[in-house]
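> One structure is given below, represented as structure tokens, and several questions about it will come after.
Nothing in this text is a laboratory measurement; each read-out follows from the coordinates by a stated rule. All of these numbers come straight from a predicted model, not from anything done at the bench. Neighbour counts run over all protein chains shown; Cβ positions are idealised from the backbone, glycine included.
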Amino acid sequence: MEKKCRFMTAVMSVILAVFSVNILATPVSINGRLHVTGLQLMNECGSPVQLRGVSTHGLQWFSSCLTDASLSFMQTGMGADIVRIAMYVDEGGYLNNPAGFTSQVDTLVDKIGALGMYALIDWHILHPGDPNLHLADARTFWEHEATQHKGKNFVMYEICNEPNNTSATIVNNAYVNLTYTVNWAVIKSYADDIIPRIRALDPDAVIICGTPNYSKLDATIATNPLNYPNVMYTFHFYAATHPLTNLTNYVGLTGALPIFCTEWAATASSGTGTLDLVKAASFIDIMSGNNLAGEKISWCSWSFADKPQSQETSAMLLDNTCSGGVYDVSHLSPEGNFVMQNCLNPAKNFMCGTSTITPTFTVTLTPTITPTPNPKVVKVTECRSFPNPTTGDKVTFQYTITGIAEKLEINVYTFGERKIYSTVKTTVKEGTHTELWIPTTRLANGLYYYTIAGTNGTNVSRHVEAFFVQRQIPTP
Ligand code: IDC
């Protein structure tokens, strides 16, 4: 992995020397191939990663919205790190024209990859809701996809969209239920057929599996998980319909699952109606890592299409955008604007490589303390080119004392008052000293403070100072 990092860095440097453009710092160029460790999607250098992006609508209906211009707008305009390609199986999708849809998916995958975004291929089963009902077609499709895209570091596979209990039969405008329940065991049997087929051809790609009841996760998964590395479980929410507990139940202290939210909207689950931006923001906050498991959950939003707003408020583009062929912020619907805001803010925080943080300060023990400006912004430049991607951050404290400190104590706290580092020294002589702290985990962006206190008899001198860790993605 280290070699790969170095090789990519070397290639990037050569390209940069020739072209000197900024567009090379893309989600894929920074993060490389992704994998799953524990609950967390990680980048090639082993740092947690959260991708934020969009899902297409059904290819059979809205492929006119997927052009070079629109894909590029998703990345540079909306800030998408990932595009999910929703290829319906039924409802006029794949089964109607397997060769046509397969080649359309393949073209899109490579276009998305060429822009430096991750591409997620979605076998979008919906009605009927049992993925096993199309097992033979799924085998053909996935074996083709894994052959076509093997080894491409930006490709991920979502093997079934939303398992559910409906059949394809409609009576009185409603789907009829299957005679059995599409529970986790039923879905797992499908996954146990498809995943080994993909792995045999493309061993390292992340694979995401749909979950019961329209991908709402399920308590039985943790007791009967998929037995492969690099797999994740699908979670979907529609904020105006679903409660936050649909997610918080699965990122608790026990029974948490590695989750990928491949579809969400601020609307009702029908994709229509008033947006619930407040609840959507709460879901997004939880997915950013603010949950008991501390899991950063990647997401794609439904959907990049211009279905008339009068019919579908989850459509991110205003009516007739796609026939006009121009993609910019002025063509975004309220949902589209909300998604863009949440792709861009907070700013990308991709971390690959090591960093050095050096807050220096002076503390003068007896008689005076000399504080430095406060707070201090510590900028950390992240770069793939650091030689050892497994080494963590480094924080160097520098302090000057006059007189001898019988005891000297340095503590570092988060702004939530949690102590994350402490060291105590005895008999520190007059002069300037440095103390190197190598945190055991990477420091997240944000505000911290440290205290340094020296004691000499009854005389105590104490200095408190805040510092701000701000990681930067590499700017070539
Ligand atoms: C909806 C589309 C709608 C289309 C319908 C077809 O928005 O235009 O007519 O599918 O079945 C999902 C599904 C997704 C749905 C979406 C909104 O994964 O296919 O798309 N939704 O209903 N799960 C929850 C909501």
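> Excluding Ile401 itself, what net charge comes from residues whose Cβ is under 13 Å from its Cβ, given Lys and Arg +1 and Asp and Glu -1?
Around Ile401, the charge tally is 0.
> Oh, and also: Pull up all non-local amide H partners of His57: gap of 5 or more, or a different chain, and H-to-H distance under 5 Å with H placed in the peptide plane.
Phe304
> Convex hull volume of the Cα atoms in the stretch 98-154, per residue, in Å³?
86
> Assign one of three labels to the stretch 234-300, namely rounded, prolate or oblate, based on the Cα gyration tensor with a ≥ b ≥ c the square roots of its eigenvalues; rounded applies when a/c is under 1.5, prolate when it is not and a/b is larger than b/c, and oblate otherwise.
In terms of gyration-tensor shape, prolate.
> Using the Cα gyration tensor of the stretch 224-363, with a ≥ b ≥ c the square roots of its eigenvalues, what is the shape: rounded (a/c below 1.5), prolate (a/b larger than b/c) or oblate (neither)?
Taking the square roots of the gyration eigenvalues as a ≥ b ≥ c, the stretch 224-363 is oblate.
> Assign one of three labels to the stretch 209-262, namely rounded, prolate or oblate, based on the Cα gyration tensor with a ≥ b ≥ c the square roots of its eigenvalues; rounded applies when a/c is under 1.5, prolate when it is not and a/b is larger than b/c, and oblate otherwise.
Cα axes put the stretch 209-262 in the prolate bin.
> Counting only residues 5 or more places away or on other chains, whose amide H sits under 5 Å from the amide H of Gln309 once H atoms are built in the peptide plane?
Under 5 Å from the amide H of Gln309: Asp319.
> Using amide H atoms built 1.01 Å from N in the peptide plane, name the residues 5+ places from Tyr118, or on other chains, whose amide H lies under 5 Å from its own.
Ile82, Val83
> Rounded to the nearest 5, what % of DSSP beta bridges with both residues in the stretch 78-176 are antiparallel?
Antiparallel bridges: around 15 percent, rounded to the nearest 5.
> Continuing with this model, one more query. Each residue of the stretch 295-301 in order: what ³J(HN,Hα) in whole Hz does its phi give by Karplus 6.51 cos²θ - 1.76 cosθ + 1.60, θ = phi - 60°, with x for Gly and Pro?
Karplus-based 3J(HN,Hα) across the stretch 295-301 equals 8, 8, 9, 6, 8, 10, 10 Hz.
> For the stretch 180-270, what size does the Cα cloud have along each of its three principal axes, sorted from largest down, in whole Å?
41, 30, 26
> Can you check what the Kirkwood hydrodynamic radius comes to for the stretch 48-200, Cα pairs only, in Å to one decimal?
This gives a value of 16.3 Å.
> If packing is taken as the mean number of other Cβ atoms within 10 Å per residue, what is the order of 61-74, 167-180, 214-227, highest first?
With the highest mean Cβ count within 10 Å placed first, the list reads 61-74, 214-227, 167-180.
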